[in-house]
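Visitor: Take this structure first; my questions come after.
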Amino acid sequence: MNWLTKQEQMVLCVIVGLLLTGWAVKAYRSAHPAPPPTVQPATP
């Protein structure tokens, strides 16, 4: 009952892996927001 070839399975695994990685990065960034950048006043 295997409808996909080995190459198709590999492509599908890569796509799912990239989606999961992106989801994990998004969750990490929302849980650990970056500090606001400090603005240095310009000296004339």
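Visitor: Can you give the extra length, in nm with one decimal, that the chain gains between residue 3 and residue 23 once fully stretched, where that is 0.36 nm per residue apart less the Cα-Cα distance?
Guide: Taking residue 3 through residue 23 to full extension adds about 4.4 nm, to one decimal.
Visitor: While we're looking at this one, here's another question. Given 20 °C and 1.002 mPa s, how large is the Stokes-Einstein diffusion coefficient of the chain in µm²/s, with Rh as the Kirkwood radius over Cα pairs?
Guide: 150
Read the figures in this text as sums done on the coordinates, not as results from a lab. In this text the structure is predicted, and so the values were computed from the model without any measurement.
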